[in-house]
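Following: one structure in structure tokens, then a few remarks.
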Amino acid sequence: MNIHEYQAKDLLSKFGVGIPAGHPALTVEEAVEGAKKLPGPLYVVKAQIHAGGRGKGKFKELGPDAKGGVRLAKSIEEVEEHAKDMLGNTLVTVQTGDAGKQVNRLYVTDGVDIAREYYLSMLVDRATGRVAIIASTEGGMDIEEVAHSTPEKITTITVDPAQGFMPHHARAVAFGLKLEGDLNKQAQKLARQLYEAFMALDCAMLEINPLVETEDGNLLVLDTKMSFDSNALYRHPDVEALRDETEEDPAEVEASKYDLAYIKLDGNIGCMVNGAGLAMATMDIIKLNGAFPANFLDVGGGASKEKVTAAFKIILSDPAVKGILVNIFGGIMKCDIIADGIVAAAKDVNLSVPLVVRLEGTNVEKGKEILDNSGLAIVSADDLGDAAKKIVAEVKQAA
């Protein structure tokens, strides 16, 4: 789960992390009132969407010469002007794709006199089971570009959660940022605070870009992104309450209500599979046969009739879907029970696109018999390769 910048900063401030003063706003009036509470005379008006590259982004409705989603304002009047420009309009950045995202929230912050910019992030390194801390002197830039062009400017420190954050980790972070004196001490303290926040909140990723050194010699978090392990949100109802469903694909929101893992893709063949690895293999073999998957959808190991019905409805909510491939391995769940669910779901949603089903596992013959006797135009497949060939052929024939 992702949250907005202002929400992330509010969480970090509770761990003692230094951030510029700021106020969120849902309306132009709230943006103006927020600015009046700041000392000024320089303000920053920031669009709040779940995507990076806001400063370089463009608003669809404002033309190519308009400013991006992060703007400086030298007066309350300019804050109001920027707020009117941004709210309700669509911001397109390198991370949103051409569709962009509508700006429904703003964050008005106090201006900062910046001496230098740095990069600092933490994420779970699944290969080692540790927390990776990435530090770089090249703040304010895309870290991917830094890694590609000047990898020597990136320092990676790993922390074993069983051992915890130690003084040598803090020193390594400060060294990676090439800070000395009081700034070095500040960086060590900040690194510890961030690690404590990362672990306490069950973060999946915490990125600060840029971390800035101010003209008066302080380190401040100027921009930050946070994402959380969705499986741990039950421990953090306060964090879960920060979820902004307007920033998410409606189909993905609906899928989460049924504990379905769904991600929309750009193809025209809908996929319903149990198990993430099997889902990836299914998408690969569809592409191998010259077509493209319309989604990733994992119904999990205990696929019930209700789950299968919900999955069909979610897949069909995408108008690009011209056919569906169901690829189920019946281990915990028996194939005959899955087949009953597929037939019931197909009838319930009045399925009107080709459907190919490949079943394997416990009671597979019973399952295939149920599909064959359903009276529905369900094409049964013998294996994954056969299933992919059949659904691609069915979709081409229907076109």
Query raised in the report: Residue check, ALA398 against (1) under 23 Å from GLY300 (Cα atoms); (2) among the hydrophobic types (A, V, I, L, M, F, W, C); (3) at pLDDT below 85, all met but one. Which one?
Result: (1)
Report task. Go through the residues of region 205-217 one by one and say whether even a single one is out of contact with any Phe, Trp or Tyr (no Cβ under 9 Å at 6 or more places or on another chain), polar (S, T, N, Q) and assigned to a strand (DSSP E or B). Result -> yes
Report task. Scan region 311-329 and report the pairs whose first residue is within 18 Å of THR282 (Cα to Cα) and modelled with pLDDT of 85 or more and whose second residue is among the basic types (Lys, Arg) and not in a loop (DSSP other than H, G, I, E, B), with Cβ atoms within less than 6 Å and a gap of 6+ or a chain change. Result -> ASN327/ARG358
Requested in this report: Assess whether ALA255 counts as being in a helix (DSSP H, G or I) and either in contact with an Asp or Glu (Cβ under 6 Å, 6 or more places away or on another chain) or under 20 Å from GLY341 (Cα atoms) (or both).
Outcome: yes
Query raised in the report: Which pairs do you get when a residue that is without any contact (Cβ under 8 Å) to a residue 60 or more places away in the chain and under 19 Å from ALA345 (Cα atoms), found in region 359-377, comes within reach of a residue that is in a helix (DSSP H, G or I) and among the aliphatic types (A, V, I, L, M), reach meaning Cβ atoms under 6 angstrom, with the pair 6+ apart or on two chains?
Result: GLY367/ALA339; ILE370/ALA339; LEU371/ALA339; SER374/VAL343; LEU376/ALA346
Query raised in the report: So which pairs qualify, if the first residue must be in region 150-171 and among the hydroxyl-bearing types (Ser, Thr, Tyr), the second must be assigned to a helix (DSSP H, G or I), the Cβ gap must be under 6 Å, and the two must be at least 6 apart or on different chains?
Result: THR155/GLY176
Query raised in the report: Looking at region 387-399, is at least one residue without any contact (Cβ under 8 Å) to a residue 60 or more places away in the chain, acidic (Asp, Glu) and under 14 Å from LEU325 (Cβ atoms)?
Result: no
Query raised in the report: Which residue out of LEU233, LEU220, LEU211 is of a type outside the set (Val, Ile, Thr) and at pLDDT below 95?
Result: LEU233
Query raised in the report: Does ALA99 fit the bill of being free of Cβ contacts under 8 Å to residues at least 24 places away in the same chain, farther than 30 Å from ALA187 by Cβ and within 18 Å of the chain's Cα centre (by Cα)?
Result: yes
Query raised in the report: Within region 218-235, which residues are buried (at least 17 other Cβ atoms within 10 Å of the Cβ) and part of a loop (DSSP other than H, G, I, E, B)?
Result: LEU222, ASP223
**Report entry** Considering residues of region 258-284 that are of a type in the set (A, V, I, L, M) and part of a helix (DSSP H, G or I) only, the residue nearest to ALA388 (Cα to Cα)
**Finding:** MET283
Report task. Of the conditions (1) at pLDDT below 95; (2) loosely packed, with under 13 Cβ neighbours inside 10 Å; (3) charged (D, E, K, R), GLU29 clears all except one; give me its number. Result -> (1)
Query raised in the report: Of the conditions (1) at pLDDT 85 or above; (2) touching a helix residue (DSSP H, G or I) at 6+ places or on another chain (Cβ under 9 Å); (3) charged (D, E, K, R), LYS334 fails just one. Which one is it?
Result: (1)
Report summary line: Of the candidates PHE292, PHE296, the one satisfying the condition of being aromatic (Phe, Trp, Tyr) and closer than 15 Å to VAL395 by Cβ is PHE292
Requested in this report: Just give me the residues in region 88-101 being surrounded by fewer than 17 Cβ atoms within 10 Å (Cβ to Cβ) and not aliphatic (A, V, I, L, M), in sequence order.
Outcome: GLY88, GLN95, GLY97, ASP98
**Report entry** Scope region 113-126; condition buried (at least 16 other Cβ atoms within 10 Å of the Cβ) and not acidic (Asp, Glu); matching residues
**Finding:** ARG116, TYR118, TYR119, LEU120, SER121, MET122, LEU123, VAL124
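The values are calculated or read from the model by the stated rules, or taken from the named source; none is laboratory data. From a predicted model like this one, the values you see are computed outputs, not experimental measurements. Virtual Cβ from ideal backbone geometry, glycine too; neighbours counted across all protein chains shown.
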